[in-house]
Amino acid sequence: ASFAAWEAVQCDLCHDPQGLACEPVACATHPLGMTFSFRGFTPEKTPIGCADGSTPGDDNPGCEPVSNGVQIGFVDKDWPYGTSVIAVTAVLADNLTGQITDGDILLNTAQKVFCIDEFGCQFGEYDLRNTLTHEAGHLLGLDHSAVSESTMFGGAPAGELIKRDLDPDDVAGVCYDYRIAWVATGCPPTDSGGCAVSRTPTPGALWLVGLM
């Protein structure tokens, strides 16, 4: 459900490849075009990859510097990021293009209790869907937002559910990062009498930080 919230985003931002500084321009609404597939569980002792490309150490317990796809890990002991940190997302990205090539989400089950109750958690518990929807935004390249009602706002008290559903600020951010380049291809006739276009994803990514 957390990843589906981002899959369902509809965007209305494009950019004009011929425009000054490629500023966004209006275009027909189009889906974000991002899909996620569950690949199953890895064996318990399989280390999660160091998504930031670093080597194992005190800040990267039990991980290895490999690009092995997105993994979600529940860290039951030796959580190195502080007791106030609920989860951490790190990515590996191309420094020249900003394209994200790998990313992992780590959840602090060493010090936090998560719940999956559709109607909310018990006192002191953290809603897993609320947390993962936020972390999935980081996985897509979004930083924290200053909009307190947004999914990407950088704080979450126990029991919070508001981050399950995306705010217009979240949609605007991810659509800007993944805005579409609409390039005319000679405008051949179409069934609707309009112009044909091709669409090419424009990568955009920022280093990600964990939900504090």
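The values are calculated or read from the model by the stated rules, or taken from the named source; none is laboratory data. The structure presented is a predicted model; accordingly, all values stated were derived computationally and were not measured. We place every Cβ from the backbone using ideal geometry, glycine too, and count neighbours over all the protein chains shown. Note: areas computed on protein heavy atoms with side chains; ligands, DNA, RNA excluded. Shrake-Rupley method; radii C 1.70, N 1.55, O 1.52, S 1.80 Å.
Quick rundown of the values:
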quantity: Near pairs, Cβ below 8 angstrom, 6+ apart or cross-chain, from the range 113-126 (under 18 Å from PHE74 (Cα atoms) and acidic (Asp, Glu)) to any residue that is open to solvent by 40 Å² or more (accessible area, probe 1.4 Å) and assigned to a loop (DSSP other than H, G, I, E, B); calculated: GLU125/VAL113; GLU125/ALA158
quantity: Test: residue in the range 116-130 that is in a loop (DSSP other than H, G, I, E, B), surrounded by 20 or more Cβ atoms within 10 Å (Cβ to Cβ) and modelled with pLDDT of 95 or more; calculated: no
quantity: Test: residue in the range 149-164 that is more than 22 Å from LYS77 (Cβ to Cβ), touching a Ser or Thr at 6+ places or on another chain (Cβ under 6 Å) and acidic (Asp, Glu); calculated: no
quantity: Subset of the range 131-155 [out of contact with any Lys or Arg (no Cβ under 6 Å at 6 or more places or on another chain), open to solvent by less than 30 Å² (accessible area, probe 1.4 Å) and among the polar types (S, T, N, Q)]; calculated: THR131, SER145, SER150
quantity: Some residue of the range 52-64 being farther than 30 Å from GLY124 by Cβ and either out of contact with any strand residue (DSSP E or B) (no Cβ under 8 Å at 6 or more places or on another chain) or modelled with pLDDT of 60 or more (or both); calculated: yes
quantity: Any hit, the range 98-106, residues being open to solvent by 40 Å² or more (accessible area, probe 1.4 Å) and under 23 Å from ASP167 (Cβ atoms); calculated: yes
quantity: From GLY40, GLY98, GLY82, GLY73, residue being part of a loop (DSSP other than H, G, I, E, B) and modelled with pLDDT of 85 or more; calculated: GLY82
quantity: Test: ILE48 is touching a Leu at 6+ places or on another chain (Cβ under 8 Å), surrounded by 16 or more Cβ atoms within 10 Å (Cβ to Cβ), at pLDDT below 75 and not polar (S, T, N, Q); calculated: yes
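This table checks each residue for (1) among the basic types (Lys, Arg); (2) modelled with pLDDT of 95 or more; (3) under 16 Å from LEU107 (Cα atoms).
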{"position": "ALA136", "(1), (2), (3)": "no, yes, yes"}
{"position": "VAL147", "(1), (2), (3)": "no, yes, no"}
{"position": "PHE153", "(1), (2), (3)": "no, yes, no"}
{"position": "TRP182", "(1), (2), (3)": "no, no, no"}
{"position": "SER192", "(1), (2), (3)": "no, no, no"}
{"position": "CYS195", "(1), (2), (3)": "no, no, no"}
{"position": "LEU211", "(1), (2), (3)": "no, no, yes"}
